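The block underneath contains the structure these notes are about, expressed in structure tokens.
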Amino acid sequence: MLVLFVEDDPMNRRVVRDMLRVVGATMEEAEEAESGLRMLAAKPYDMVLMDLRMPGMDGITAIGLLRGTIGPNQSAPVIVVTADMAPDLRTRCLAAGADEVIVKPVAMAALLDAMARLAPREAEEDFVID
């Protein structure tokens, strides 16, 4: 499974990369939404993990642009990974086109559960949870 994590914090990217490595997933990284969108336009990913608060464009705007642009990842599953605890956050993320929201600090069980539920069928064989 190939995952793109759009996240400005290098420590958060490292932690999630280590979690994904355990289940055999490969993670590519973008430090901000604009570069993430360029990567998403260039090649297909099985799943996208998206932070909300980043310099420049925020994650909700990026998800809306991804969903509104014809490309290889227009319908790829998107999991928002955020420390934001606003009461209406989940509703706003889902309205923008996200498929799931998990909170930081990322719990491995929550991340892997969300990914297992959303993984495209063709990627399931590469995603092993024991």
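The values are calculated or read from the model by the stated rules, or taken from the named source; none is laboratory data. The structure presented is a predicted model; accordingly, all values stated were derived computationally and were not measured. Because the Cβ atoms are built from the backbone with ideal geometry, glycine has one as well, and the counts that use them run over all protein chains shown.
Per-residue answers, yes or no, for (1) touching a residue at least 40 places away in the same chain (Cβ under 8 Å); (2) in contact with an Asp or Glu (Cβ under 7 Å, 6 or more places away or on another chain); (3) basic (Lys, Arg):
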| residue | (1), (2), (3) |
| --- | --- |
| Arg17 | no, no, yes |
| Asp51 | yes, yes, no |
| Gly56 | no, yes, no |
| Gly64 | no, no, no |
| Pro77 | yes, yes, no |
| Asp84 | no, no, no |
| Leu94 | no, no, no |
(message) Exactly one of these conditions fails for Pro55: (1) under 15 Å from the mean Cα position of the chain (by Cα); (2) more than 15 Å from Ala119 (Cα to Cα); (3) of a type outside the set (Phe, Trp, Tyr). Give me its number.
(response) (1)
(request) Just one of (1) more than 21 Å from Ala119 (Cα to Cα); (2) surrounded by fewer than 18 Cβ atoms within 10 Å (Cβ to Cβ) trips up Ala33, so point out which. (result) (2)
(message) Condition first: at pLDDT below 95, assigned to a loop (DSSP other than H, G, I, E, B), surrounded by 15 or more Cβ atoms within 10 Å (Cβ to Cβ) and acidic (Asp, Glu). Can you find one or more residues in the range 79-96 that meet it?
(response) yes
(request) Name the one entry in Met57, Met50 that is closer than 18 Å to Leu2 by Cβ, in contact with a helix residue (DSSP H, G or I) (Cβ under 6 Å, 6 or more places away or on another chain) and not hydroxyl-bearing (Ser, Thr, Tyr). (result) Met50
(request) Kindly list, by first and then second residue, each pair from a residue in the range 28-42 that is under 17 Å from Met1 (Cα atoms) and in contact (Cβ under 8 Å) with a residue 12 or more places away in the chain to a residue that is of a type in the set (Phe, Trp, Tyr) and not in a helix (DSSP H, G or I), limited to pairs with Cβ atoms under 6 Å and residues at least 6 apart or on different chains. (result) Glu29/Phe5
(message) Anything in the range 31-52 that is more than 23 Å from Ala110 (Cβ to Cβ) and assigned to a loop (DSSP other than H, G, I, E, B)? List them, or say none.
(response) Glu31, Glu32, Lys43, Pro44
